[in-house]
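First comes the structure, then the notes that go with it.
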Amino acid sequence: MKAPHLLFLALSLSLVSCKSAAQRTQEIQVAHLTSGEGFPQLRDAFATANPGYEVSWHPNCQSLPSVDRSRVLFVQGPADRRNEPTVGDILLLDAGESWQVPGGLGIDLLCFEVPLHLPAQLPRSIRPDWDPKVTDTPGGCAEESGAYRRILLTWLESKGPYVLHALNAHRVRINDSFSHYHPLDGGFDEFYLVQMAGPDAQLLTSTRVPAIEQHSVSAQQAGSLIQTRKLQVGDLVYLPRGTMHRGLGGPLVQVISVPGFVPNSEIGLDHHLRAINEQLGLGPDRALPFHRSASEEAVVK
């Protein structure tokens, strides 16, 4: 018989693996929360790919009624809010719990409904800039010394104090991440919720991972292989598993994954991108962008 924690892990994965690789969409969705543009399409794509989950947006929210599923709430605004909770904080509500904002002033909340009960040991508020248990942990997409990367909800107890398998999140400033994807089978979907962004903040993406890995790209096709998106505060980017992504330019992002950051499910692509450039003889004006240190060998995290 499996140990209880392994049974729980298997259940967590099975709940979000109902869609086969062939059924899953690989279309990247971008919503602008301040205007609501693109959010219905993003919400529908995510719920279809992840049975048992929902995502909703609650601007200027003062209270939430109880529902029959647990919820993870990301505080997104207003930007000048001084009282608890503030931008960057996470609130946790178990099934059947309602909530009211302290002080009565509305706040902006991104809400994920999840299909599992919250572990009893989790706090009901996680504050990355105030909780002494949540400290900078360089790694992943922010490995430089002194990186702002704070793990709020994690898959493994060894990675952070608060474990939740239904959804993981870390708040990170991404200056120059490596190019990677999460596999269709056994991987996870990911969101970038942008909370600060300067003029150079951007996200590189591609839905053509097999072509990158197989180096089946012509010089003519290389120019459309990777797309560049400018990032602004309030952007919510849905990155289905199987899609390449790389952040640049210092945006401060809540990186949210469903079900969680499963170990060994961040597959690097920079060594392939570098090899394609060399094979096709692409000069500086046409070369595919890649993270130099991550291109020296295959990277799996």
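Return the residue satisfying two criteria in turn: it lies in region 185-203 and is surrounded by fewer than 19 Cβ atoms within 10 Å (Cβ to Cβ) and within 28 Å of Glu297 (Cα to Cα), and of such residues it is farthest from the chain's Cα centre (by Cα).
Filtering region 185-203 down to residues surrounded by fewer than 19 Cβ atoms within 10 Å (Cβ to Cβ) leaves 185-186, 196, 198-200, 202.
Adding the requirement that they be within 28 Å of Glu297 (Cα to Cα) leaves 185-186, 200, 202.
On the way: Asp185: 17, Gly186: 16, Asp200: 20, Gln202: 15 Å.
The residue in question is Asp200.
Exactly one condition in (1) surrounded by 18 or more Cβ atoms within 10 Å (Cβ to Cβ); (2) in contact with a Pro (Cβ under 9 Å, 6 or more places away or on another chain); (3) part of a strand (DSSP E or B) is false for Thr228; which is it?
(1)
For Asn264, only one of the following conditions fails: (1) out of contact with any Asp or Glu (no Cβ under 8 Å at 6 or more places or on another chain); (2) at positive phi; (3) modelled with pLDDT of 95 or more. What is its number?
Among (1) out of contact with any Asp or Glu (no Cβ under 8 Å at 6 or more places or on another chain); (2) at positive phi; (3) modelled with pLDDT of 95 or more, Asn264 violates only (3).
Does any residue of region 64-77 turn out to be in contact with a helix residue (DSSP H, G or I) (Cβ under 9 Å, 6 or more places away or on another chain) and either without any contact (Cβ under 8 Å) to a residue 12 or more places away in the chain or among the aromatic types (Phe, Trp, Tyr) (or both)?
No.
In this structure, does Ala120 turn out to be farther than 28 Å from Gln232 by Cβ, at pLDDT below 95 and among the small types (Gly, Ala, Ser)?
yes
On the given criteria, is Thr135 surrounded by fewer than 21 Cβ atoms within 10 Å (Cβ to Cβ) and more than 20 Å from Arg71 (Cα to Cα)?
Considered against the rule, which asks whether it is surrounded by fewer than 21 Cβ atoms within 10 Å (Cβ to Cβ) and more than 20 Å from Arg71 (Cα to Cα), Thr135 comes out as yes.
Quick one: which strands (runs of 3 or more DSSP E) lie wholly within region 127-203 and hold at least 1 residues that are out of contact with any Cys (no Cβ under 7 Å at 6 or more places or on another chain) and of a type in the set (Gly, Ala, Ser)?
Hits in region 127-203: 168-173.
Could you please find all residues in region 267-288 being surrounded by 21 or more Cβ atoms within 10 Å (Cβ to Cβ) and in a loop (DSSP other than H, G, I, E, B)?
Hits for region 267-288 are Leu269, Leu288.
Take the residues of region 140-158 that are touching a residue at least 40 places away in the same chain (Cβ under 8 Å) and more than 13 Å from the chain's Cα centre (by Cα): which is surrounded by the fewest Cβ atoms within 10 Å (Cβ to Cβ)?
Only one residue fits best here, namely Leu156.
Can you tell me how many residues in region 77-102 are part of a strand (DSSP E or B) and within 19 Å of Val114 (Cα to Cα)?
Selection size over region 77-102: 5.
Only one of (1) farther than 22 Å from Ser293 by Cα; (2) in contact with a helix residue (DSSP H, G or I) (Cβ under 8 Å, 6 or more places away or on another chain); (3) at pLDDT 95 or above is not met by Ile212, so which one is it?
(1)
The values are calculated or read from the model by the stated rules, or taken from the named source; none is laboratory data. Here the structure is a predicted model, which is why all the values come from computation and not from measurement. For neighbour counting, all protein chains shown are included, and Cβ atoms are generated from backbone atoms with ideal geometry for every residue, glycine included.
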